[in-house]
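One structure below.
The values are calculated or read from the model by the stated rules, or taken from the named source; none is laboratory data. Model, not experiment: these values are computed from the prediction. No Cβ is skipped: glycine too gets one built from the backbone with ideal geometry, and neighbour counts run over all protein chains shown. The protein model used for the area step is the full one, side chains on, heavy atoms only, and it has no ligands, DNA or RNA in it. Shrake-Rupley method; radii C 1.70, N 1.55, O 1.52, S 1.80 Å.
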Amino acid sequence: MFLQTNFVRLTMNPTISEHEAASLAAEMFDHFCAATTMRQILGLYRNMCDILNLRPGPLNEFYPKFKAKIRNWKAQALWKKFDARASHRVYNKGTAASGTRVLVIGAGPCGLRSAIEAQLLGAKVVVVEKRDRISRNNVLHLWPFLITDLKALGAKKFYGKFCAGSIDHISIRQLQCILLKVALLLGVEVHEGLSFVREIEPKDGCGWRAAVTPEDHAVSHYEFDVLIGADGKRNTLEGFKRKEFRGKLAIAITANFINKKTEAEAKVEEISGVAFIFNQSFFKELYQTTGIDLENIVYYKDETHYFVMTAKKHSLLDKGVIIQDYGDPAELLSSANVDTSKLLDYAREAANFSTKYQMPNLEFAVNHYGKPDVAMFDFTSMFAADNSCKITVRKNYRLLSCLVGDSLLEPFWPTGSGCARGFLSSMDAAYAIKLFSNSKNSALGVIAQRESIYRLLAQTTPENLHRDIGAYTLDPSTRYPNLNKSSVNMIQVKHLLDTDDPALLDQMFLDTNALAAGPEVTVTKRKRRTNDTIPLGTVLLRWVKSQLKGNDFVQELSEASQCFTNGRVLCTLINRYRPDLVNLDELDGCGPDECNELAISIFEDHLAIPRIMSGQESLTLAGVDSKLWLNYLEQICEVFRGEIPHVKHPKLDYAEFKQKQQIDSMEEFAKLRRFAAMKAAAAAAPAAAIPMIVPGPGAGAGAGRKSSNYHEEERMKRSRRVLGAESGPMASPQTDTTKRAKKRRSYEKFGNIDENGNISPGSPPGSDTDSTDIPESLAAIVSLTPTTNPTTPSLCSITTSTSDPTPTSTVPQRPVGPTSSGGKDGTSTTALDSTCDSGTTNNSNINTSTGRMKKMMMMMNPQSHSTQNHGQHIFHQYSSLSIALLLIPLGVFLYYTSVGALERLVDSYLVTLLGLDDY
């Protein structure tokens, strides 16, 4: 409640103390790590940034400040992993790509992985995603290096079950959540609900920009140097030709069922991959039983039950899934030629059979469109791009375009290579960004290097990559053992350089040292070409007017100098990008000189642009050299070129979010309580059928009183034993041989109790001599009461009171022999036996210890568990203290007797007493 109140205070009063802001941000960070939807992740992250007064940016500008504000234990563990990753030499301390601006299309796993690497290089990274939620249920197979790579990025801090034990897969949705959180914490800027249309060539003083939908979004003003296409096989980047690989028709079906996380579902084993040639009997039985003919099937258990299978066409036709047969695969699998309801039945029937009908109530999960998550497609038609990158130059603005993931190379899904090769392509693209940002490398040199690496991608398998998976970095030589860096030369890739400056086609140099270690890169301003005919002032004025075109005073601007003399331009420009620094409503009564003074102070204090004049001097520019103020205006434009104008994202009401989380937690707890109650009721049902022995009136008043809590607890234990024995997998994992050996040893050691109450080393439970009824002698064993003679109490006096007062049941003396629990010579090693023999009457003689009594009771069949518990309860109630007091000295006596210490002590005493020291 305290932190919720602080959040309300913070939104209304920005003067909240730094300590309170840090506490609230730390609490939000915990919720951020546990968030499972895109809305929650982005909402909590933006709230944290607002509270801490931070804005996403390049690594060295954002990450150290954010890390210094969040200091709880979970954050510290993450910062340690991030610091270890960022310390790799290839990143050059986050400066290898300083000054480079990157736009990533698509927030899928490969797009986010590319964004993370570019951010670690020091670039400014923006990701656009057309969807507003993460809803892909399919499960990805992970190669070993992927598991190591994701763990190094802190995957287990966000998802504790990640690849636990032998698990080597993860759902796309869960993987996206993990990578999205990592990208945001490093400073990547993500915009959801935004579609990329095309790139816009430089004009009006602006560099490369993107046309997006909706058109008026602030991202349309973002100028970038690198464009990464990670939007899947329907890639929208122009200039990339693709070639098709087609084989024999193969139809794949994917299905996702809701994982209710029940006990029955947990017992079902996964199918990591079964092909017809390896298990023909399974597929033949499947066809004979259900009419479903498959070539292979895979089942992974994750957030959903994920099945993927290759179905034969004749089976789909016979089952009515495909309505009519066509030769063209596209026409064959078109939505008009597929019966959706029969497709659902086909997938459910195959899933039920492959899991041996252990999940009878399978329900389909829902996809992004609100429909059952089942898909059928032809995967034999795979596309691969002819080239992985290209460079375009217009008006001295360079643009590196790269493809990653499925946009670059479609995977063959039975091999499980999609995610692995996608991540490899993301690292390769980030390495190209590193080379591109180095001024010592020519455009043709960068393209040739990238294409040489791309030649190896389709050949990669877990076996032909480097064995030291923990040493993988952006440097391709750490991943590919047979890398030929010059397999593609610069002359071969000239067609991939599209430029309006022919001189670039003659530049063929490359800094080969960049492969080993990142060079020190100094950020320099973009130089204008000498053949540009438009004056610099005009270019800057066009850019300013394009940014502020929504304001009335823009029409009055006709010269670059008016950006200073107008008095409102600079503050309005700051407010467009950084509204946290300037509030225009507070400047209504201020004069032009005051507004300019405020803007110049902000440029100096927050944006690292040194002051060249005062606010009063900026109104007339008298005494200020034109080159000086033009250079000052150019620095202002360059600072904001790499930024996106402020976007008013929908706020996440944190107080409402916390309240909902508490309600969800209470509902989850109530659900667990109901589930526990159901299990208790189910456990009590079979326990009610077990007979209970009620002691007679002669057993003493206290013998009939039992605690209800104790009784209920014993019932639960007994039911768990019974259920565990019946359920198979829940029982102890022992072999039959081990169990038989243990039973045999038990019979030999303790004997058995027959119907007459005699103890014999013979028949095991369940044989002909084993009685399911409880004999009267058992009551004699369990009804341990003090002797009726108060003056001569006897511990071993065991009596039974029944309706007939005359008979008194006695337990005969157990025969001493090799099967008894005595010593090797047949004598008993328990002093209690001799004590009882000497101190009790003939009717109460018993030649056994208390431990033997309990073990004989355990030898009874399961139907007598209630009698056993009853006897144990009475025994503890009446005899615990007496037995303890008796057994302690007896135990000490027996110990010293067994080791001979007592005899030596007596001999020593006699020698000293009789004066026989000399002997």
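Kindly indicate whether residue 26 is under 24 Å from residue 134 (Cα atoms), at pLDDT 90 or above and either in contact with a helix residue (DSSP H, G or I) (Cβ under 9 Å, 6 or more places away or on another chain) or crowded, with 16+ Cβ neighbours inside 10 Å (or both). Steps first, please.
On the way: under 24 Å from residue 134 (Cα atoms): no; at pLDDT 90 or above: yes; either in contact with a helix residue (DSSP H, G or I) (Cβ under 9 Å, 6 or more places away or on another chain) or crowded, with 16+ Cβ neighbours inside 10 Å (or both): yes.
Here the answer is no, as residue 26 does not meet what is asked.
Being surrounded by fewer than 19 Cβ atoms within 10 Å (Cβ to Cβ), touching a residue at least 60 places away in the same chain (Cβ under 8 Å) and within 30 Å of residue 315 (Cα to Cα) holds for only one residue in 242, 246, and it is 246.
For residue 619, the conditions (1) in contact (Cβ under 8 Å) with a residue 40 or more places away in the chain; (2) open to solvent by less than 30 Å² (accessible area, probe 1.4 Å); (3) of a type in the set (A, V, I, L, M) all hold with the exception of (2).
A Cβ distance below 7 Å, combined with a sequence gap of six or more or placement on separate chains, defines the contacts here; from the range 216-231, residues that are without any contact (Cβ under 8 Å) to a residue 60 or more places away in the chain reach residues that are assigned to a strand (DSSP E or B) and among the charged types (D, E, K, R) in the pairs 220/209.
Please work out if residue 636 is open to solvent by less than 60 Å² (accessible area, probe 1.4 Å) and closer than 30 Å to residue 29 by Cβ. No, not satisfied.
The set of residues in the range 478-504 being part of a helix (DSSP H, G or I) and either open to solvent by 50 Å² or more (accessible area, probe 1.4 Å) or over 20 Å from residue 402 (Cα atoms) (or both) consists of 478, 491, 492, 494, 495, 502, 503.
Pairs linking a residue in the range 16-43 that is touching a residue at least 12 places away in the same chain (Cβ under 8 Å) and acidic (Asp, Glu) to a residue that is open to solvent by less than 20 Å² (accessible area, probe 1.4 Å) and in a helix (DSSP H, G or I), with Cβ atoms under 6 Å and 6 or more positions apart or on different chains, are 20/6.
In the range 411-437, the residues that are open to solvent by 20 Å² or more (accessible area, probe 1.4 Å) form Cβ pairs under 8 Å with partners that are among the charged types (D, E, K, R), at six or more places apart or across chains, as follows: 411/421; 418/406. Scanning the range 333-359 for residues that are open to solvent by less than 80 Å² (accessible area, probe 1.4 Å), without any contact (Cβ under 8 Å) to a residue 12 or more places away in the chain and under 25 Å from residue 246 (Cβ atoms) gives a single hit, 334. All of (1) more than 36 Å from the chain's Cα centre (by Cα); (2) within 22 Å of residue 382 (Cα to Cα); (3) not acidic (Asp, Glu) hold for residue 335 with one exception: (1).
For the range 217-251, a residue qualifies if it is under 33 Å from the mean Cα position of the chain (by Cα) and charged (D, E, K, R), and the qualifying residues are 231, 233, 234.
Once the range 639-657 is narrowed to residues that are among the aliphatic types (A, V, I, L, M) and closer than 26 Å to residue 57 by Cα, the residue that is most open to solvent (accessible area, probe 1.4 Å) is 639.
Checking the stated criteria, residue 207 turns out not to satisfy the condition of being on the phi > 0 side of the Ramachandran plot and touching a residue at least 60 places away in the same chain (Cβ under 8 Å). Of all residues in the range 444-459, which are open to solvent by less than 10 Å² (accessible area, probe 1.4 Å) and aliphatic (A, V, I, L, M)? 444, 446, 447, 448, 453, 457 - these are the residues of the range 444-459 that are open to solvent by less than 10 Å² (accessible area, probe 1.4 Å) and aliphatic (A, V, I, L, M). Pairing each residue of the range 251-273 that is without any contact (Cβ under 8 Å) to a residue 40 or more places away in the chain with any residue that is part of a loop (DSSP other than H, G, I, E, B) and open to solvent by 70 Å² or more (accessible area, probe 1.4 Å), provided the two are 6+ apart or on different chains, yields no C-beta distance under 7 Å.
Can you find even one residue in the range 219-233 that is surrounded by 12 or more Cβ atoms within 10 Å (Cβ to Cβ) and over 28 Å from residue 425 (Cβ atoms)? Yes, there is a match, as at least one residue in the range 219-233 is surrounded by 12 or more Cβ atoms within 10 Å (Cβ to Cβ) and over 28 Å from residue 425 (Cβ atoms). All of 617, 667 fail the test of being modelled with pLDDT under 75 and not aliphatic (A, V, I, L, M), apart from 667.
So that you can scan it fast, the table gives a plain yes or no per residue for (1) under 15 Å from residue 655 (Cα atoms); (2) within 19 Å of the chain's Cα centre (by Cα); (3) surrounded by fewer than 18 Cβ atoms within 10 Å (Cβ to Cβ):
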| position | (1), (2), (3) |
| --- | --- |
| 19 | no, no, yes |
| 31 | yes, yes, no |
| 42 | no, yes, no |
| 52 | no, no, no |
| 57 | no, no, no |
| 64 | no, no, yes |
| 73 | no, yes, yes |
| 78 | no, yes, no |
| 84 | no, no, yes |
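Among the residues making up the range 582-613, those that are under 43 Å from the mean Cα position of the chain (by Cα) and open to solvent by 40 Å² or more (accessible area, probe 1.4 Å) are 583, 605, 606, 608.
No other residue among 118, 96, 84 is in contact with a strand residue (DSSP E or B) (Cβ under 7 Å, 6 or more places away or on another chain) and among the aliphatic types (A, V, I, L, M) apart from 118.
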